[in-house]
Amino acid sequence: RMASEDVNSHTILNVSEETAQSVTSISQESNNKNVNSSKPQTQGNPMSNLQRIQQRKQQTYNWPQEKKLLKLANYSACQTQDCKCTGWKNAQSIIKSPKGEIQQPLISFSDSCKMCIHPLENHIKHLSVQSDDEINRLLRMAIDADNILTCSHREIDPDTKKVYFYLYKLLRNCILSMTKPIVEGPLGQPPFERPNIAKAVMNFVLYKFSHLPPTDWQIMCDTAKMFLHCLNFWNFEAPSARQATINADEAPAYKINYTRWLVFCHVPAFCDSLPHHDTPLVFGKTLLQAVFKRLCRDLMNKCHNERDKITPEKRIIVLTHLPKFLSALEAEIYSDSSPMWDPEFKQAPPSHAQAALESKAQQRKTGEFEKVIITPNEKDNYTTINISPGIRRLSEKRFYFEGRSDAKKRKNEEVFEDLPDETVAEIVATINDPNYMYGPDAVFPPDVPRDETAKIEESRKIIEFHVVGNSLTQPVSKQTMLWLIGLHNVFSHQLVRMPKEYISQFVFDPKHKTLALIKSGRPIGGICFRMFPTQGFTEIVFCAVTSQEQVKGYGTHLMNMLKDYHIKNNILHFLTFADEFAIGYFKKQGFSKDIKLPKPMYHGYIKDYEGATLMHCELNAKIVYTEFTAVLRKQKEIVKKLIYQRQQDIQKIHPGLTCFKDGVKSIPVESIPGIRETGWKNYAQTRTRGVVKGTQGSELIDCMDMSESLYNTLNSVLNSVKNHISAWPFLEPVDKDEVPDYYDHIKYPMGEHIEAIIHF
């Protein structure tokens, strides 16, 4: 099943069957779940491995009862009292014909077992009373066990071989006990991460491309579904094959995910007696980040090598749109602040997609989820997936594949100690009170944010902000044209190195827009920019404020207004070339010389400036930038107030620690008197929203030793202090010959004692 997780993502599922098939047809040869044959498929043998397995099982179901029991005898325990034989073994030797062909000897129910000497009948007498359905279920597990054993013999990788053998023993034990196979142990149960890959990709398409016209939107949806379809049928590398390329810190996580993929996705695809899950629905950020680059490289190579086999209309999607889609997706996959990884991401689909969704809803039952039907295609020798979107009830807040117990478990895991609304409201009312300020803040108020003055002037209508631009298709108002001329003058006066003709070329270009800062009816500053929606970024061309209006926070407020404007338009990346005088300003606005966007995304799109530095800023869609500083200050005040309230509740003073005077170098934090009363918890007791709710495997990786990280941080700070130009008097201890009475007054000097504690 490749299904969506909420109503928002159903819009993407309106994909044609042809599109879903296009990439699979060129990648299936290497990615089929091959169990019966190690040779590639040929045109003379169009039947796929999955079809052969199903056909073999169907033939087995049609066997007479005696033949079925003979097959199951190999996996059935002897029913003789105190006999520990777990499967009948033929005592007769194998007969070879004169031509060298192996002939199976005739077997009867009275034949003795090679292991326990008891007759075959004793191994199957408990099966004769079972129903036909139960016998067929056991036969299905027996065939799957045979296939897995064949895979283990052919497998070279030792880790994969162990997994195959584990599953083989699991099926054998289930046949012995006549139970359903359930994988238990440290691997946990799917889904392993939240959000899963399918949901994250749907989030990406929604927030990145929902502004596109219907045709382009549908292409992006088809491309996304194509990517998920390929990921679902892709064979991942064994951990041993990645040792040379993978980071040592990432290797354990990949090994766990690879094992989970084998157990829950890969093997169950050809062994249907095991519970099967689709890769995009049970894995999330950790696996996708580990395999994405290799997957994209192999996928695009296969697309180019076999492009002649693709129909012309599909070739456009595969060779033109897919590379751009993958480049944009890569930038988001490796970004920790990308909305695609937000489990609570909600965004309404575009209006045209919403209309299509509503029309589909009228054709389906309430609460019916997406259906996925896997059908074999004998002509092309690959598996296709037909996807039909459904609508889920609004009251259903959990994913459809979660059982009631799973939902309850997840709910219990996500119970965080939050503040009551009444407490927050009371604190906010207190800090908003003009009489609240006391202590040092009342006498020496903290520095106001850079944009505070500009925000006050905007609220009083002293300044205004307008996005203006020229147009060749619609009439431009006189006011807009006057503002454009005024902006041209501002840029010309402030950017003296830029030729006026060059500035005119972009200010009056219909493809460029300018966020204008208007004061007293005339422009006093602005940011000229060009949006590239299909590439997911905007180029900032000019940014200036008149000299007499600078140092008032207008520049910061302008940039924050521009950020909010772009978030509303689903563009989350800024690029600009900054000269030596502008680098400082852009750094304050969150720009960096570290370009996170892949070069193919912007190369050839933006204007290059000699002697300037390319800078990049990635926006966080969750932040309202014009309110950012105010929110942070309010949060800080709330935390201070909570700490104060907590101090009043405790009202207990503990004596200082004296153990260090006795030579003790360190003590556990939890042993400090009163530390637990303050609400402190150790790492094992703390669960934060940032930790992915996985299983034991994930927790082993996430719960790493924090002391090493803390040591590295503090050591870096110590080295910075030592290397400071003013630190020279403190680098060496005071010489007692120069200051004889120094150590009479200073009992515990900063010296080797402190150095030893730091390095401990």
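Taking a Cβ cut-off of under 11 Å around CYS113, the surrounding Lys, Arg, Asp and Glu residues balance to a net charge of 0, with basic ones at +1 and acidic ones at -1. The range 147-221 and the range 241-301 have Cα centres spaced 8 Å apart.
With R₀ fixed at 35 Å, the C-beta to C-beta distance from CYS659 to LYS722 puts the FRET efficiency at about 0.80. Would you mind checking LYS324/LYS596; LYS461/LYS634; LYS519/LYS552 for any pair whose Cα atoms are more than 20 angstrom apart? Violating the 20 Å limit, Cα to Cα: LYS461/LYS634. Segment SER547..GLN54, full-extension length gain: 169.7 nm, with 0.36 nm per residue of separation and the alpha-carbon distance subtracted. Equivalent ellipsoid of the range 451-630: semi-axes from √(5λ) of the C-alpha gyration tensor, largest first, are 23, 20, 17 Å. About its Cα centre, the range 515-611 has a charge dipole of approximately 300 debye under the convention of +1 per Lys or Arg Cβ and -1 per Asp or Glu Cβ, with nothing else charged.
With only Cα atoms counted, the range 445-542 has Rg and Dmax values of 15.0, 53 Å.
The shape of the range 197-343 can be summarised by an equivalent ellipsoid whose semi-axes, obtained from the alpha carbon gyration tensor, come to 26, 19, 16 Å from longest to shortest. The ranking of TRP483, TRP728, TRP680 from fewest to most other beta carbons within 10 Å of each one's beta carbon is TRP728, TRP680, TRP483. Counting every other Cβ atom within 10 Å of each residue's Cβ, ARG194, ARG154 order from fewest to most as ARG154, ARG194. Rounded to the nearest 20, the Cβ-based charge dipole of the range 451-630 about its Cα centre (Lys and Arg +1, Asp and Glu -1) stands at 260 debye. Placing unit charges on the Cβ atoms only, positive for Lys and Arg and negative for Asp and Glu, gives the range 221-333 a dipole magnitude near 180 debye about its Cα centre. The local environment of ARG140, defined by Cβ-Cβ distances under 9 Å, has a net charge of 0 under the rule Lys, Arg +1 and Asp, Glu -1. Electrostatic tally near GLU539: other residues with Cβ closer than 14 Å to its Cβ, Lys and Arg +1, Asp and Glu -1, net +2.
Compared with the alpha-carbon gap, the fully stretched path from HIS126 to TYR585 is longer by 157.0 nm at 0.36 nm per residue. Sorting TYR644, TYR585 from the fewest to the most surrounding beta carbons within 10 angstrom yields TYR644, TYR585. Of interest is the spacing of the C-alpha centroids, which for the range 564-638 and the range 113-141 amounts to 70 Å.
Bear in mind that the values in this text are calculations on the coordinates, not laboratory data. Everything numeric here is computed off the predicted structure, so don't read it as measured data. Counting neighbours? That spans all protein chains shown, and the Cβs are built from the backbone with ideal geometry, glycine included.
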